[in-house]
Amino acid sequence: MSEKPTIILDQPGEIFPDVMRYMLTFAEVKIPKTYEFDELVRLVEDADAILTWSKTRISRELLSHAGEKLKTIAVTGIGYDNIDLKAAAEKGLIITNTPGANSVAVAEYTVGMMLTAIRHCFKGALLCRNKGWDEGDRFSGRELQGSTVGIVALGNAGGSVAALLSSFNCKILGYDPYVDSQRREALISKFRVEIVATLEELSQRAHIISLHVPLTDSTFHLLNKRHFELMQSDTWILNVGRAAVVDEDSLYEFLRDHKIGGYCTDVFPVEPPDYDKPLYSLDNVIATPHMAAMTHSSHREMQLRAAENVWAVFNNKKPINVIEK
């Protein structure tokens, strides 16, 4: 290749120094200074590759400004619903992601939020901040030991959650119609996961439901009113996949009326979220700013693997993972 290709990032942000040094060995790297669409358009016009953090919408409009030299879009995580796949396919772009790069971070966050939810840690912290020490006795919680936890999607993140939970002496249910037989048997034998055939069964039996589902046409509102009606009055739902896999409008009614225990979410239909949405004001909802994967180790690993995917595409090698359009 006579001259180095150009990689652009789709938003401002820090790149780990060793990742930047690696990319500079085979490409020029350009990082926008602002989140303005017009600046991104100018960069895309001269791009051979885009590294996306998944928060920027890689839309048909944006891709219409790309030149013929654009060859690949590399996602620095696993979710790719920010990309207009049809528009990318029409341009013949190779889309890659980095499954497994943040699975430990997401799993640790998930189990931490389970404990926060069922032990009412967040409410307790607010009590202390507001000098309400004497009210703490009303927040008697549930132990993970003896509880039933349902994991929806048993990929890298869901499997890592099962591994962490295996030491808590709780019952683990797993639902994933796409899990292969080898992984299924490993989850059963290593972590004592009971694979259930339907999401309805998992909804009925679990005290805690942990969602690790990507957003596709088939997973939109995967968890909905039908499932909420089956849940126990103290069931907590944790969503670290994508917001739209849960029918939040129906969920709001069940939470408002305390028909189910609560909802922890790290993902939102629109980000930043609509803070006026009634769901987020409920006292049995805990929302965090899409931070489940935010550790130094996972950020570096995602950046490095995405950069390696770009190198592989430029050098006609096999990337870590290609998203089939």
Flag if S103 is buried (at least 17 other Cβ atoms within 10 Å of the Cβ) and over 30 Å from H296 (Cβ atoms):
no
Residues located in segment 292-325, provided they are assigned to a helix (DSSP H, G or I) and under 30 Å from M114 (Cβ atoms)
H296, S297, S298, H299, R300, E301, M302, Q303, L304, R305, A306
Whether any residue in segment 10-24 is in contact with a Lys or Arg (Cβ under 7 Å, 6 or more places away or on another chain), in contact (Cβ under 8 Å) with a residue 12 or more places away in the chain, assigned to a strand (DSSP E or B) and surrounded by 15 or more Cβ atoms within 10 Å (Cβ to Cβ) is what I want to check.
no
Could you look through segment 215-249, keep only residues that are in contact (Cβ under 8 Å) with a residue 40 or more places away in the chain and touching a Gly at 6+ places or on another chain (Cβ under 6 Å), and pick out the one that is surrounded by the fewest Cβ atoms within 10 Å (Cβ to Cβ)?
D234
Being surrounded by 15 or more Cβ atoms within 10 Å (Cβ to Cβ) and either closer than 20 Å to R205 by Cα or in contact (Cβ under 8 Å) with a residue 40 or more places away in the chain (or both): is that true of G158 here?
yes
If you take the residues of segment 93-126 that are without any contact (Cβ under 8 Å) to a residue 12 or more places away in the chain and among the aliphatic types (A, V, I, L, M), which of them is nearest to T295 (Cα to Cα)?
A125
If D276 satisfies every condition in (1) among the charged types (D, E, K, R); (2) under 20 Å from the mean Cα position of the chain (by Cα); (3) farther than 30 Å from I31 by Cα but one, which is the exception?
(2)
Filter segment 31-59 down to the residues that are of a type in the set (K, R) and closer than 16 Å to T76 by Cα and list them by number.
K55, R57
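Here, each number is a calculation from the coordinates, and none is a lab measurement. Being a predicted model, the structure only gives us computed values, none of them experimental. No Cβ is skipped: glycine too gets one built from the backbone with ideal geometry, and neighbour counts run over all protein chains shown.
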